[in-house]
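The structure appears below as structure tokens.
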Amino acid sequence: MNREPQTLGDGTFQRLERILVARGMNPKVLPDIAEEPECLTSLGVLEAGMPPRYRMARADHPEVLAWVRDVTEQAAAPNPGARRQITTGPSLLMAGVTGAGKTHQAYGAVRALVEAGIAVRWRATTAADLYADLRPRPGHDTERELAAVSRYPLLILDDLGAAKASEWVEEITYRLINKRYNLMLPTLITTNLAMRDLRDHLGDRVASRLAEMTTRVVFEPIDRRRQRHTT
Ligand SMILES: Nc1ncnc2c1ncn2[C@@H]1O[C@H](COP(=O)(O)OP(=O)(O)O)[C@@H](O)[C@H]1O
Ligand SMILES: [Mg+2]
């Protein structure tokens, strides 16, 4: 028998949701598709996965703490008795000069979520490293890698706009940001650029989504790295 391919309508998703709810599962928690077992259960495991420089970082910026509260409030357990996980939530665009403390606040925010009892599956990358990882090359399924990064419940995307611009960079950034925008997954983005310059660098499609999905946090223009050596 020849069957027409069928698309899944809203009704299918509603039926699926009812089945999940009947089984005591929360349909709002995305299924875990990544292969790495990075569901964090303790602060020790968290610290081991952090770069030494930011291992002890604590978030103290009021807007970052407000973000931690928002994401914590929206966290939900996949089934009764399980630890709460990130579902959906707002994102932050932390802008400021080099050394202002943006990356410190981003890692500190992950720590704060874990301290709040949330099981956080997260990944941190600079935009430049991500582009290097996603360059098509033999033996690497870079499409799969992009799909995985796009779906991490929490992503730190550090130094957006610092890599050399190109059509390819713009396209990859668009696909990543658009996926996370659609899934409403919290993303902590840091950048040295002003929004206007980000738009020039990465295009209007990226800038427009960032404008909607992120709260802008502007850091004091102080380079803490230099300050430490002069005071
Ligand atoms: N709130 C803070 N308390 C203590 N040290 C900090 C704080 N914020 C940043 N630092 C330190 O200042 C330096 C620059 O911070 P970093 O987050 O790397 O800046 P940026 O990402 O904005 O370039 C790092 O050595 C970092 O550990
Ligand atoms: Mg930084």
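Since every read-out is calculated from the coordinates, none of them should be taken as a lab result. This structure is a prediction, so every number in the text was calculated from the model and none was measured. Note that each Cβ is placed from the backbone with ideal geometry, even for glycine, and that neighbours are counted across all protein chains shown.
Number of residues in segment 42-60 that are closer than 18 Å to residue 225 by Cβ and within 14 Å of ligand 2 (Cβ to nearest atom) equals 4.
Please go through segment 53-81 and give me each residue that is in contact (Cβ under 8 Å) with a residue 60 or more places away in the chain and assigned to a loop (DSSP other than H, G, I, E, B), ordered by number. The one that is in contact (Cβ under 8 Å) with a residue 60 or more places away in the chain and assigned to a loop (DSSP other than H, G, I, E, B): 61. For beta carbons closer than 6 Å, sequence separation of 6+ or different chains, a first residue in segment 147-159 that is closer than 11 Å to residue 86 by Cβ and a second that is among the acidic types (Asp, Glu) and within 11 Å of ligand 2 (Cβ to nearest atom), there are no qualifying pairs. Checked against (1) within 17 Å of the chain's Cα centre (by Cα); (2) more than 21 Å from residue 221 (Cα to Cα), residue 115 passes all but a single condition, namely (1). Restricting 200, 129, 133 to those that are touching a helix residue (DSSP H, G or I) at 6+ places or on another chain (Cβ under 7 Å) and surrounded by fewer than 17 Cβ atoms within 10 Å (Cβ to Cβ) reduces the list to 133. Output the residues belonging to segment 150-176 that are more than 30 Å from residue 28 (Cβ to Cβ), within 16 Å of ligand 2 (Cβ to nearest atom) and of a type in the set (A, V, I, L, M, F, W, C). Across segment 150-176, the qualifying residues are 162, 163. Looking across segment 169-197 at every residue that is touching a residue at least 12 places away in the same chain (Cβ under 8 Å) and out of contact with any helix residue (DSSP H, G or I) (no Cβ under 8 Å at 6 or more places or on another chain), the one that is nearest to residue 148 (Cα to Cα) is identified as 192. Take segment 177-197 and flag every residue that is surrounded by 22 or more Cβ atoms within 10 Å (Cβ to Cβ) and either farther than 14 Å from residue 92 by Cβ or within 16 Å of ligand 2 (Cβ to nearest atom) (or both). Correct list: 187, 188, 189, 190, 191. Counting only residues that are in contact (Cβ under 8 Å) with a residue 40 or more places away in the chain, surrounded by fewer than 17 Cβ atoms within 10 Å (Cβ to Cβ) and either touching a helix residue (DSSP H, G or I) at 6+ places or on another chain (Cβ under 8 Å) or not charged (D, E, K, R) (or both), segment 203-223 holds 5 of them. When residue 143 is tested against (1) more than 27 Å from residue 72 (Cβ to Cβ); (2) surrounded by fewer than 17 Cβ atoms within 10 Å (Cβ to Cβ); (3) within 20 Å of the chain's Cα centre (by Cα); (4) within 16 Å of ligand 2 (Cβ to nearest atom), only condition (4) is not met.
Taking the numbered list (1) in contact with a strand residue (DSSP E or B) (Cβ under 8 Å, 6 or more places away or on another chain); (2) of a type outside the set (A, V, I, L, M, F, W, C); (3) away from ligand 1 (no atom under 16 Å from the Cβ) in turn, residue 191 passes all entries but (3). The C-beta contact set for segment 98-118 (first residue closer than 8 Å to residue 57 by Cβ, second residue part of a helix (DSSP H, G or I) and more than 13 Å from ligand 1 (Cβ to nearest atom), distance under 6 angstrom, 6+ apart or interchain) is empty. The set of residues from segment 82-99 being under 22 Å from residue 211 (Cβ atoms), part of a loop (DSSP other than H, G, I, E, B) and away from ligand 1 (no atom under 16 Å from the Cβ) comprises 88, 89, 90. Among the residues of segment 89-103, not a single one is away from ligand 2 (no atom under 14 Å from the Cβ), loosely packed, with under 14 Cβ neighbours inside 10 Å and under 18 Å from residue 176 (Cα atoms).
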